[in-house]
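Below: one structure, written as structure tokens.
The values are calculated or read from the model by the stated rules, or taken from the named source; none is laboratory data. As the structure is a prediction and not an experimental result, all values here were calculated from the model. Here the Cβ positions follow ideal geometry from the backbone for every residue, glycine too, while neighbour counts run over all protein chains shown.
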Amino acid sequence: MSDFDMMALPPQLAAKVAEAGLTTPTPIQAQAIPHAMNGRDVMGLAQTGTGKTAAFGIPLIARLMEEGGRPAPKTARGLVLAPTRELAAQIAKVLRDLTDLRVQIVVGGVSINPQIQRLTKGADIMVATPGRLLDLVERRAIRLDETGFLVLDEADQMLDLGFVHALRKIASMMGDNRQTMLFSATMPKQMAEIAQSYLREPIRVEVSPPGKAADKVEQSVHFIAKAEKSALLIELMDKHRENRALVFTRTKHGADKLARNLGRAGFAVAAIHGDKRQGQRERALEAFKSRDIRVLVATDVAARGLDIPDVLYVYNYELPNVPEAYVHRIGRTARAGKEGQAVALCAPDEMPYLKDIQKVMKISIPIASGRPWEEMPDPNAPQKSTRGRGRGRPGGRPGAKPGGAPGTSKPSNRRRRKPKPKA
């Protein structure tokens, strides 16, 4: 008998859970599922890769099965909102493995007409990104007044992506008598306002401090000039070409440029970001999962929703300017209790980002090479004039008096002021 058998799941669901290989609940599942099955609103805080999808999926399916009935045309009995297409696809896959209920996915980046057609019969569970869902509502392809269950997954990223107004609009279309579950890896200040608006007397379940990385992620940072990053990355990845590696950049252009450089270095590589068509993104992910390519270069669009086993290396080629994004990025490795390595490359202008990351995570990331940029000159910065400041001047004598010795400073082009005559 598994621990899931002690949760009094409907027999059909219990069988599906066993078929999926789920035997022992993760901490977030063990704490959240019983409260959610009792109809309570739940706020779940847990780092990525800890089984949050099943933590809300199992009780959602159980309650829908207990209610019985079928969805009316153009309605959804339960709604799961996710910030990205990749995460929505991952959630839909997990839910379909757990139930024979009708699970429909609606996301942007693909034709809307097939989605409209599929929704004519309604859905037991609809997994959606906020923008596409509002498009469907405006076209009267779906209505939410009969939706009794709402799940907000990775709610913090939805805030980061500016979906807060869309969330309020969607929630206002649903009835007040609904059960809401909110799951997130971090707890930014605005999240408390969201929780107060959407949840009623929620049970708060927290299995790890916000901003904490998975225990088995080995982190390190290299301090290196921006122009030298590509060469160092190639040197590091040359040591494990047989392993899969995720490489994160801040910009779409940067992802494409880096992928081209790695391709020229002989790596089987692809890039995914928001400008790629959905079909391109899906093909790149499938090739990465099947090991046809070993390196995937991505922007933060891929930091959530990627559940790919055995990703041993995550490289932060460019540090994110939002500290929580770093936590999500490195959460792509060391999943399900496995080990992984997260390597950051820090240029001089990224030092403030590194400080913020370490402050949020309450750690000091071990240094693999170089020295923190406050302790060494920035090779990319123009040399500042040090006239009149012998101390610390490149080439100057330690402890020299202001002005320095003759010949140690560049001649000034400024005109010297004539001394004022004495009164």
How many residues does the range 112-160 hold that are in contact with a helix residue (DSSP H, G or I) (Cβ under 9 Å, 6 or more places away or on another chain) and not in a strand (DSSP E or B)? 25
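I'd like the full set of residues that are of a type outside the set (A, V, I, L, M), in contact (Cβ under 8 Å) with a residue 60 or more places away in the chain and buried (at least 17 other Cβ atoms within 10 Å of the Cβ), limited to the range 27-48.
Selection gives Gln31, His35, Arg40, Asp41, Gly44, Gln47, Thr48.
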Modelled with pLDDT of 90 or more and of a type in the set (D, E, K, R) - does that describe any residue in the range 267-281? no
Looking at the range 128-150, is at least one residue more than 26 Å from Gln29 (Cα to Cα), in contact (Cβ under 8 Å) with a residue 40 or more places away in the chain and within 22 Å of the chain's Cα centre (by Cα)? yes
In contact with a Pro (Cβ under 8 Å, 6 or more places away or on another chain), more than 24 Å from Pro309 (Cα to Cα) and outside the structural domain of Ala347 (by TED's automatic domain parsing): is that true of Ala195 in this structure? yes
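Does Arg96 count as assigned by TED's automatic domain parsing to the domain that holds Thr180 and closer than 28 Å to Pro309 by Cβ? Spell out the reasoning first.
Working: assigned by TED's automatic domain parsing to the domain that holds Thr180: yes; closer than 28 Å to Pro309 by Cβ: yes.
The answer is yes for Arg96.
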Of the residues Thr147, Thr99, which is under 22 Å from Lys16 (Cα atoms), β-branched (Val, Ile, Thr) and surrounded by 21 or more Cβ atoms within 10 Å (Cβ to Cβ)? Thr99
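Go through Leu87, Leu60 for me and flag whichever is touching a helix residue (DSSP H, G or I) at 6+ places or on another chain (Cβ under 8 Å), surrounded by 23 or more Cβ atoms within 10 Å (Cβ to Cβ) and assigned to a helix (DSSP H, G or I).
Working: Leu87 fails: touching a helix residue (DSSP H, G or I) at 6+ places or on another chain (Cβ under 8 Å).
After applying the criteria, what remains is Leu60.
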Restricting to the range 163-222, count the residues that are in a strand (DSSP E or B), surrounded by fewer than 17 Cβ atoms within 10 Å (Cβ to Cβ), out of contact with any Asp or Glu (no Cβ under 9 Å at 6 or more places or on another chain) and modelled with pLDDT of 90 or more. 2
Of all residues being under 13 Å from Ala123 (Cβ atoms) and hydrophobic (A, V, I, L, M, F, W, C) in the range 63-78, which is surrounded by the most Cβ atoms within 10 Å (Cβ to Cβ)? Just the residue, please. Ala76
Just checking: which of the strands (runs of 3 or more DSSP E) contained wholly in the range 233-303 hold 2 or more residues that are touching a residue at least 60 places away in the same chain (Cβ under 8 Å), of a type in the set (S, T, N, Q) and surrounded by fewer than 23 Cβ atoms within 10 Å (Cβ to Cβ)? none
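Residue check: is Thr23 surrounded by 19 or more Cβ atoms within 10 Å (Cβ to Cβ) and either within 26 Å of Ile203 (Cβ to Cβ) or not small (Gly, Ala, Ser) (or both)? Working first, answer last.
Numbers: surrounded by 19 or more Cβ atoms within 10 Å (Cβ to Cβ): no; either within 26 Å of Ile203 (Cβ to Cβ) or not small (Gly, Ala, Ser) (or both): yes.
So Thr23 does not fit the description; no.
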